[in-house]
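Each reported figure results from applying straightforward, stated rules to the coordinates on display, with no laboratory input. On a predicted model such as this, the values are computed, not experimentally measured, just so you know. In this analysis, Cβ positions are derived from the backbone assuming ideal geometry, glycine residues included, and neighbour counts consider all displayed protein chains.
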Amino acid sequence: MPPSSSYLPPVMKDGEYGKWAELPPDLTSSILQRLGTVDILENAQKVCRSWRRVCKDPSMWRKIDMLNPGDLGSMPYDLEVMCRHAVDRSQGGLLEIDIWYFGTDELLNYIADRSSNLKTLRLIMCYPIADEGFIEAVAKLPLIEYLELSHCAMSGAALRVVGQTCPNLKTLKLSGEPNPDFNEDDLNNDDALAIAETMPGLRHLQVFGNFLTDTGLTAILDGCPHLEHLDLRKCFNVNFSGELAKRCVEKIKVVKRPNDSTAGHPYGNDWFHELNAKYTYGDTESRTMISVTPTMISVTPTTMIGTRC
């Protein structure tokens, strides 16, 4: 649903740009929270003093989204340093964090040491983070309810620790590299068994491109009695038929089968489309995006709504 128009200031006339500095802090915060963390730290907080004050408020940092283009070598800033800075600003109030394309064991533990109230953790293509660092960090995050590990290197052993230390976990999303030409070496139920044996409270489970077999799926159905949504797309080792398929359909409200379309999956063919959509809101016929530079605040497809205040 598009946000209420009352949250957006009117288009200003020439000479009225300074009024941006006069906006109430809560309204300014509402506007700036539509941006990602990189945009806030690199651009928005440099617009004017009043915006910088808002950007320093811990309430601005309940969620940290480190979305970036992924070309780390060409960036003029250090994403890990920036992420640590954002975590520090949250002053222990961080509830949700998304890390894209970068990250280390040290960074993840830095976050965990300062964010014991964290409920949502999303790691996307964070290959440098290994089991050891992940396990150490997740043991400090007992309130996690939503965990996504997409194209990461964590093992079934790490997932088992998640289940043992995060009793509130309701959503788990795993995305890997699908392999339609699998062989016996690809038959692996480690993830599935870890989930089945330690995560009885799961409501939503995605195992996109996983190597689990019918045995692993059966274990999940036995061990996770409250599942409402199950995504098995690209799980080519699962023979989704007969009694197993019937059990899934009868037991679970929403089931996505191994050969179902991947349209809409953020790491499929529409990957970059999904990235671009991260900073948009509204319906498909009327998309609106806020962008900020130190000298201009604009809303597209509408006109510029302000300059340096």
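How do 81-93, 36-48 rank on mean C-beta neighbours within 10 Å, highest first? Before the final figure, lay out each step's value.
Values: 81-93: 17.1, 36-48: 20.5.
The most tightly packed comes first, giving 36-48, 81-93.
Between Met125 and Asp214, what is the label-to-label distance in nm when each label sits 7 Å out along the Cα-to-Cβ direction?
Between Met125 and Asp214, the label points sit 3.7 nm apart.
Suppose we keep just the DSSP beta bridges with both residues in region 25-288; what percent of those would be antiparallel, to 5?
In region 25-288, DSSP labels about 5 percent of beta bridges as antiparallel.
What distance in nm lies between label points placed 7 Å from Cα along the C-beta direction at His229 and Ile252?
1.2
So the label point goes 7 Å from the Cα of Ala157 along Cα→C-beta, right? Which residues of region 99-140 then have their backbone N under 13 Å from it?
Answer for this model: 130-136.
In whole angstrom, how far apart do the alpha carbon centroids of region 94-151 and region 196-230 sit?
Their Cα centres are 22 Å away from one another.
In Å³ and rounded to a whole number, note down the convex hull volume per residue for the Cα atoms of region 87-246.
Normalising the Cα hull of region 87-246 by residue number yields 99 Å³.
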